[in-house]
Amino acid sequence: MLTSLDKLLSIDLEQAKRRFQSKEASYKVSGERLVIRLDGVSFSVNLSDFKKPRDERVREAMEDTAIELMKRLGAIAAYVVSDEINLFLGSYVPFDGREFKLVSVSSGIASSYLSIKLGRPLYFDSRIVLLNTGEDIEYVTWRARLAAGNYLSNFTNRPFREAIELIDDMNYIDCCGSVIKREWSDSKPSEKIVRKYSAIDVISGWNTIYR
């Protein structure tokens with residue numbers, strides 16, 4: 001009978017590599033309208049001691065995490081609202097577009113970075129969204145509408161339109177989130193800098209994020 005050591009020594013490494021790499025999920029994504037959406041897992045429970053419905057410390061930490069993700073994955077923009085981060089990738093898609101790498105690395109970076117920022121273990125799941133040309137602002141509008149509805153439900157049980165009319169001086173950054181972009185500065189020589197915009201301004205005034 002072969003011992004464990006005999007089995008280790010007898011395996012053909014190249015053959016095993018080819019065999020099992022061929023079994024890895026290798027779905028690849030491509031295109032210039034690719035979004036990685038990260039959602040916080042059980043944030044309402046894990047951050048229950050923070051201010052409701054939106055704690056400024058959490059919002060700032062989420063925006064910092066989005067900037068870190070943009071830097072690490074080469075994203076051109078991010079939309080941050082509530083417990084989610086949406087990364088907009090342009091013509092550059094890292095990891096040769098391998099879905100499992102995009103979702104695992106992005107969720108790993110976000111989970112570790114936000115955990116350090118807020119001093120407790122926090123986790124994200126991650127998925128890929130493939131947009132058609134011209135769908136990016138509509139996508140942000142959809143996510144903002146969902147987040148705003150959840151935000152307003154903390155104050156009133158009224159339908160969305162009625163709730164808006166009942167609340168004066170609504171904080172649209174907390175309610176609808178913010179868009180973060182890497183843009184060329186006006187300095188000479190010009191360089192890429194990070195700018196933040198209220199999502200409500202982007203929804204009402206922009207034609208596209210990819211500009």
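Considering only the other residues whose Cβ falls under 13 Å of the Cβ of ILE109, what net charge follows from Lys and Arg at +1 and Asp and Glu at -1?
Local charge sum for ILE109: +2.
Arrange the following residues from fewest to most other Cβ atoms within 10 Å of their Cβ: ILE116, ILE11.
So the residues, fewest neighbours to most, are ILE11, ILE116.
Percent relative contact order of the chain, based on C-alpha pairs within less than 8 angstrom and at least six residues apart?
Answer for the chain is 23 percent.
If Lys and Arg each add +1 and Asp and Glu each add -1, what is the summed charge of the other residues whose beta carbon sits under 15 Å from the beta carbon of PHE20?
It works out to a net charge of +1.
For LYS101, give me every one of the lysines with a C-alpha distance below 22 angstrom, ignoring sequence neighbours fewer than eight places off in its own chain.
Those lysines meeting the cut-off are LYS17, LYS23, LYS28, LYS71.
Calculated from DSSP H runs of 4 or more alone, at -39500 (n - 2.57) each and per residue, what is the 222 nm mean residue ellipticity of the chain, nearest 500?
Helix-only estimate at 222 nm: -13500 deg cm²/dmol.
Taking the chain as a Gaussian network, Cα atoms linked when under 10 Å apart, which of ARG57, ARG195, ARG19 shows the biggest mean-square fluctuation?
ARG19
Using Cα springs under 10 Å in a Gaussian network model of the chain, which residue among ALA16, ALA148, ALA78 shows the largest mean-square fluctuation?
It is ALA16.
Ranked by Cβ crowding within 10 angstrom, fewest neighbours first, how are TRP184, TRP206 ordered?
TRP184, TRP206
Give me the net charge for the shell around ASP49: Cβ to Cβ below 14 angstrom, other residues only, Lys and Arg +1, Asp and Glu -1.
+3
Give the label of the value calculated from the structure for Cα extents along the principal axes in Å, choosing from [x] 59, 42, 28; [y] 78, 45, 32; [z] 58, 32, 27.
[y]
Bear in mind that the values in this text are calculations on the coordinates, not laboratory data. This structure is a prediction, so every number in the text was calculated from the model and none was measured. Glycine gets a Cβ as well: all are built from the backbone with ideal geometry, and neighbour counts include every protein chain shown.
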